[in-house]
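Enquirer: One structure follows; several queries about it will come next.
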Amino acid sequence: MSTANEKLNQLVRAAADGKQAPQPSKDLWQGIEHSISRREMRSNKWLNWVWASAACTVLAVGLVTFNSMQSTIHSATPQAELLLTMLNQQHDQQRQQLLIHYQTVGWNGQSNYLQQELGQIRASIKEVSAQLVQEPNNQQLWQLLQWLYNKELELLESQFKVSDQLQQV
């Protein structure tokens with residue numbers, strides 16, 4: 001230990017005198033470069049693993065989301081078709097009840113204009129219903145279908161009111 005203390009004291013005195021800066025016994029740059037490059041390689045490998053893990057996670061979440069959306073669409077279609085069938089049946093019942101009521105009071109509904117307009121509305125109802133089977137989540141189509149139902153009933157009621165007024169005159 002005395003030799004190490006003596007070397008240290010010599011280095012301190014030399015540095016204090018300003019004569020000579022301490023020099024390492026061998027070239028240290030090779031070791032420093034090697035250490036730095038190893039750290040960079042380790043950090044790059046770690047960073048590559050992080051990026052690969054992140055990409056796999058994003059891909060997995062995307063696939064799970066896509067599959068759940070597809071199953072939701074396929075499971076929603078039978079429900080939408082069932083709802084559409086029920087709505088069409090309900091509207092047919094309303095229309096039949098309205099026609100039966102009007103026929104019991106003497107209205108025959110044989111107007112060419114009425115038959116043409118009703119034909120157009122019923123064709124539109126069929127087209128919208130077919131489109132709803134393809135796009136069950138389209139809110140605007142559901143609203144259009146309801147509007148067409150209402151227009152058909154309003155047309156029937158308007159024809160009855162006109163003929164009712166003529167009977168009164």
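Enquirer: So is W51 in contact with a Ser or Thr (Cβ under 6 Å, 6 or more places away or on another chain) and either at pLDDT below 80 or surrounded by 10 or more Cβ atoms within 10 Å (Cβ to Cβ) (or both) or not? Please lay out each step first, then the result.
Expert: Values: in contact with a Ser or Thr (Cβ under 6 Å, 6 or more places away or on another chain): no; either at pLDDT below 80 or surrounded by 10 or more Cβ atoms within 10 Å (Cβ to Cβ) (or both): yes.
Taking the combined requirement at face value, the residue does not satisfy it.
Enquirer: Looking at region 121-139, which of its residues are in a helix (DSSP H, G or I) and within 18 Å of E81 (Cβ to Cβ)?
Expert: I125, K126, E127, V128, S129, A130, Q131, L132, V133, Q134, Q139, listed by residue number.
Enquirer: Looking only at region 102-120, count how many residues are surrounded by 11 or more Cβ atoms within 10 Å (Cβ to Cβ) and either assigned to a loop (DSSP other than H, G, I, E, B) or touching a Phe, Trp or Tyr at 6+ places or on another chain (Cβ under 9 Å) (or both).
Expert: Qualifying residue count, region 102-120: 4.
Enquirer: If you take the residues in region 123-153 that are loosely packed, with under 12 Cβ neighbours inside 10 Å and either in contact with a Lys or Arg (Cβ under 7 Å, 6 or more places away or on another chain) or among the small types (G, A, S) (or both), which one is nearest to I100 (Cα to Cα)?
Expert: Top of the filtered list is A123.
The values are calculated or read from the model by the stated rules, or taken from the named source; none is laboratory data. Fair warning: this is a prediction, and the values are worked out from it, not measured in the lab. Here Cβ is always computed from backbone atoms with ideal geometry, including for glycine, and neighbour counts include all displayed protein chains.
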